[in-house]
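In what follows, a structure is listed as structure tokens, so that the remarks can point back to it.
The values are calculated or read from the model by the stated rules, or taken from the named source; none is laboratory data. For clarity, every value in this text was computed on a predicted model and none was experimentally measured. Don't worry about glycine lacking a Cβ; one is built from the backbone with ideal geometry, like all the others, and counts go over all protein chains shown. In case anyone asks, the SASA skips ligands and DNA or RNA and just uses the protein heavy atoms, side chains included. Shrake-Rupley method; radii C 1.70, N 1.55, O 1.52, S 1.80 Å.
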Amino acid sequence: MATAATPTPPATPERLSSYNPATGEPIGSVPIHTQADVDAAVARARVAAETWSGRSFAARAEELTAFRKALAASADELAELLRRENGKPELEALVEVMMALGHLQHAAARAEAALAPRRVSAGLLANFRATISYHPLGVVGVIGPWNYPLFTPMGSIAYALAAGNAVVWKPSELTPLVAVKVAEIAARSFALPDLLQVVTGAGATGAALARAAIDKIAFTGSAATGKRVMMAAAERLTPVLLELGGKDPMIVAEDADVEKAAEACVYGALTNAGQACISVERVYVADAIHDRFVEEVVKQVRDLKIGGDDGHLGAMTSPAQVAIVKDHLEDAVAKGAQIRTGGPDAIAGNFIQPTVLTGVDHNMKVMRDETFGPVIPIRRVASIDEAVKLANDTQYGLGSSVFAGKSARRIAQLLRAGMTSINSVMGFAGIPSLPFGGIGDSGFGRIHGDEGIREFTRIKSTAEQVVSIPLNMMSFRQPTDAPKRIRGMIKQLYGDGMVARAADVWRKLRG
Ligand code: NAD
């Protein structure tokens, strides 16, 4: 296993360096963009947005397809940058590229159907034609994290572009090079070179984007920063979409397939070295199978290779995150948790040996705060009711998973989370038609799916009068008996009148 020197966070006043977390080597640098730079990028994006929003869905889909193909042709280069900046193994880097491209393909193909104008019932105003239509916002700012530097921002970028917007993207200061590469490819692929621009820098550049004259900000990162972004956006009443952290629970019921549940748990907790917003962060296992499950998880974890080109787990991306994981492990051990493998002493530089803990409870940080590292805390539960109660005992509400027999769907519905996988982990993230997002401290708004396309539009309601009727409510020119007629209508339509009673009976009959 390689050990890494702790990279000192970068920066001369003008440029920001990106480091390989596995070796501590600097691998490149990018400019630190100021408020003036960000404002200029937004102004250029606005010009691009005017043309782009006027194009047909088919024309946009064609350019997005060209962009996707160009990214696919550079898949190896992108994966290599992901590996070097983020520390993830080759396979995970390639999977990230593949998943990002899947969303780009889906958003381009689906935008026209998701944004088709919809005719809805005009209700009482039956002489009207009522329509809902969706229109591009203009310029969308995207601020991304370091854990999935391509896949995560693409969940906003692809959908915002497909909906007819231009994008200005501020990647994490820990992983800017992959974003710069994507922007280069975008500038070559799109007829409008300013359609997707990247501005680089640390928090101050992100704050500049949140303050800029944009039409929406899509932020992915921690809850603490999300609050700051929302406060900055409030100045201009810029709408915000927040994809924040999680503390995802997994429930394993007595009738689950123990080996499959253990396999999924190990992957869900440890993929990307546990640095996923939808990582399995807490596991609740039925008493009857708890010991067998723990044994199986420990066995599978011991088979994993840490570090190296073909490793299952790479380096942690950020030294600050290593410190948080160590703190959670030490806190758990001090409060009585048992280490089954790994532990706070099994950390060398940015590499953490995957750690399985048992005997954990909700007084421990590892069960309450986002750990964001390769840790599997497993708790024994006496019943599914207890498991659900504990799973929902969190301020977060992003993903979740259930392993069970026939009770699985019922349990899934009881979980207070934006997304649930049944007899699998993280499945919802790989299905582009499913909206992705959370509740509570995990944020609000949705990326992916039709909801994720509509998220980057403004909704317009149109009421068109197609026939004139004698009692025109939108006029002062009313007959003298109008009040009497309205009283009659209120009774008939909403009170005890025949029409209201018939409507109630009809609704009951339809169930
Ligand atoms: P972070 O909050 O530290 O940083 C995220 C981004 O915000 C970075 O680009 C950073 O430069 C920028 N930023 C920092 N201060 C800012 C400010 N004042 N104004 C505007 N931007 C600012 O998060 P991180 O450590 O990069 O990412 C890890 C977090 O992201 C975890 O909590 C993880 O769960 C979460 N995450 C969530 C999702 C999701 O879809 N829900 C996906 C991936 C990661």
Out of curiosity, is residue 416 part of a helix (DSSP H, G or I) and not β-branched (Val, Ile, Thr)? no
Residue under evaluation residue 482, criteria (1) in contact with an Asp or Glu (Cβ under 6 Å, 6 or more places away or on another chain); (2) more than 14 Å from the ligand (Cβ to nearest atom), criterion not met: (1)
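Out of 187, 204, 223, 253, which single residue is open to solvent by 10 Å² or more (accessible area, probe 1.4 Å), more than 15 Å from the ligand (Cβ to nearest atom) and either free of Cβ contacts under 8 Å to residues at least 60 places away in the same chain or not acidic (Asp, Glu) (or both)? Spell out the reasoning first.
On the way: 204 fails: more than 15 Å from the ligand (Cβ to nearest atom); 223 fails: more than 15 Å from the ligand (Cβ to nearest atom); 253 fails: open to solvent by 10 Å² or more (accessible area, probe 1.4 Å).
None of the others qualify; the one that does is 187.
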Among 57, 67, which is the only one that is touching a Phe, Trp or Tyr at 6+ places or on another chain (Cβ under 8 Å), over 30 Å from residue 315 (Cβ atoms) and surrounded by 16 or more Cβ atoms within 10 Å (Cβ to Cβ)? 67
Set 438, 397: member being within 16 Å of the ligand (Cβ to nearest atom), open to solvent by less than 30 Å² (accessible area, probe 1.4 Å) and more than 30 Å from residue 334 (Cα to Cα): 438
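Just to check your reading of the model, which residue among 378, 453 is of a type in the set (A, V, I, L, M, F, W, C), assigned to a helix (DSSP H, G or I) and buried (at least 24 other Cβ atoms within 10 Å of the Cβ)? Talk me through it step by step, then tell me what you get.
Values: 378 fails: assigned to a helix (DSSP H, G or I).
After ruling out the rest, the residue left standing is 453.
Kindly evaluate residue 62 against the criterion of being among the acidic types (Asp, Glu) and more than 18 Å from residue 457 (Cβ to Cβ).
So residue 62 fits the description; yes.
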Is there a residue in the stretch 354-370 that is open to solvent by 20 Å² or more (accessible area, probe 1.4 Å), within 16 Å of the ligand (Cβ to nearest atom), farther than 28 Å from residue 257 by Cβ and not in a helix (DSSP H, G or I)? yes
Pairs, first more than 30 Å from residue 494 (Cβ to Cβ) in the stretch 102-125, second surrounded by 16 or more Cβ atoms within 10 Å (Cβ to Cβ) and of a type in the set (Asp, Glu), C-beta under 6 Å, six or more apart: 114/450
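Select from the stretch 300-325 the residues that are touching a residue at least 24 places away in the same chain (Cβ under 8 Å) and assigned to a helix (DSSP H, G or I) and write down the one among them that is nearest to residue 376 (Cα to Cα). Show your work before the answer.
Within the stretch 300-325, the subset touching a residue at least 24 places away in the same chain (Cβ under 8 Å) is 300-302, 304, 306-319, 321-322, 324-325.
When the remaining residues are screened for being assigned to a helix (DSSP H, G or I), the result is 300-302, 319, 321-322, 324-325.
On the way: 300: 12, 301: 10, 302: 13, 319: 20, 321: 16, 322: 15, 324: 15, 325: 12 Å.
That would be 301.
Quickly run through the stretch 137-156 and pick out the residues that are within 15 Å of the ligand (Cβ to nearest atom) and either more than 20 Å from residue 222 (Cβ to Cβ) or of a type outside the set (A, V, I, L, M, F, W, C) (or both). It would help to see each step written out before you state the result.
Step one: filter the stretch 137-156 for residues within 15 Å of the ligand (Cβ to nearest atom), giving 140-156.
If the condition is that a residue be within 15 Å of the ligand (Cβ to nearest atom) and either more than 20 Å from residue 222 (Cβ to Cβ) or of a type outside the set (A, V, I, L, M, F, W, C) (or both), then 140, 141, 144, 145, 147, 148, 149, 152, 153, 155, 156 are the ones that fit.
Taking the stretch 207-219 as the search range and keeping residues that are open to solvent by less than 20 Å² (accessible area, probe 1.4 Å) and not in a helix (DSSP H, G or I), which one is farthest from the ligand (Cβ to nearest atom)? Outline the logic, then answer.
Applying the first criterion (open to solvent by less than 20 Å² (accessible area, probe 1.4 Å)) to the stretch 207-219 yields 208-210, 212, 214, 216-219.
Now narrow it down to the ones that are not in a helix (DSSP H, G or I): 212, 214, 216-219.
Details: 212: 11, 214: 12, 216: 14, 217: 8, 218: 10, 219: 7 Å.
Checked the stretch 207-219; the qualifying residue farthest from the ligand (Cβ to nearest atom) is 216.
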Here are some conditions: (1) closer than 18 Å to residue 359 by Cβ; (2) surrounded by fewer than 24 Cβ atoms within 10 Å (Cβ to Cβ). Residue 269 meets all but one. Which one does it not meet? (2)
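Could you run through the stretch 272-295 and say how many residues are more than 16 Å from the ligand (Cβ to nearest atom), in contact with a helix residue (DSSP H, G or I) (Cβ under 9 Å, 6 or more places away or on another chain) and either open to solvent by less than 10 Å² (accessible area, probe 1.4 Å) or in a helix (DSSP H, G or I) (or both)?
If we filter the stretch 272-295 for residues that are more than 16 Å from the ligand (Cβ to nearest atom), which is where we start, we get 283-295.
Subset that is in contact with a helix residue (DSSP H, G or I) (Cβ under 9 Å, 6 or more places away or on another chain): 283-286, 289, 292-295.
Pick out the ones that are also either open to solvent by less than 10 Å² (accessible area, probe 1.4 Å) or in a helix (DSSP H, G or I) (or both) and you get 283-285, 289, 292-295.
Counting residues in the stretch 272-295 that are more than 16 Å from the ligand (Cβ to nearest atom), in contact with a helix residue (DSSP H, G or I) (Cβ under 9 Å, 6 or more places away or on another chain) and either open to solvent by less than 10 Å² (accessible area, probe 1.4 Å) or in a helix (DSSP H, G or I) (or both) gives 8.
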Scan the stretch 418-433 and report the pairs whose first residue is over 17 Å from residue 261 (Cβ atoms) and whose second residue is open to solvent by 30 Å² or more (accessible area, probe 1.4 Å) and not in a loop (DSSP other than H, G, I, E, B), with Cβ atoms within less than 6 Å and a gap of 6+ or a chain change. 432/106
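Only residues that are within 15 Å of the ligand (Cβ to nearest atom) and without any contact (Cβ under 8 Å) to a residue 60 or more places away in the chain: list them for the stretch 450-476, please.
Of the residues in the stretch 450-476, the ones within 15 Å of the ligand (Cβ to nearest atom) are 451-452, 455.
451, the sole residue that qualifies.
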Out of all the residues in the stretch 109-128, which are assigned to a helix (DSSP H, G or I) and open to solvent by less than 20 Å² (accessible area, probe 1.4 Å)? 111, 114
Working only within the stretch 161-184, note down all residues that are assigned to a helix (DSSP H, G or I), open to solvent by 10 Å² or more (accessible area, probe 1.4 Å) and of a type outside the set (Gly, Ala, Ser). 177, 180, 181, 184
Pairs under 6 Å by beta carbon, first residue assigned to a loop (DSSP other than H, G, I, E, B) and modelled with pLDDT of 90 or more in the stretch 8-21, partner loosely packed, with under 14 Cβ neighbours inside 10 Å and of a type outside the set (Phe, Trp, Tyr), six or more apart or different chains? 20/27
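Results for (1) more than 19 Å from residue 52 (Cα to Cα); (2) touching a strand residue (DSSP E or B) at 6+ places or on another chain (Cβ under 7 Å), shown as yes or no for each residue.
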{"site": "93", "(1), (2)": "yes, no"}
{"site": "99", "(1), (2)": "yes, no"}
{"site": "107", "(1), (2)": "no, no"}
{"site": "111", "(1), (2)": "no, no"}
{"site": "132", "(1), (2)": "yes, yes"}
{"site": "145", "(1), (2)": "yes, yes"}
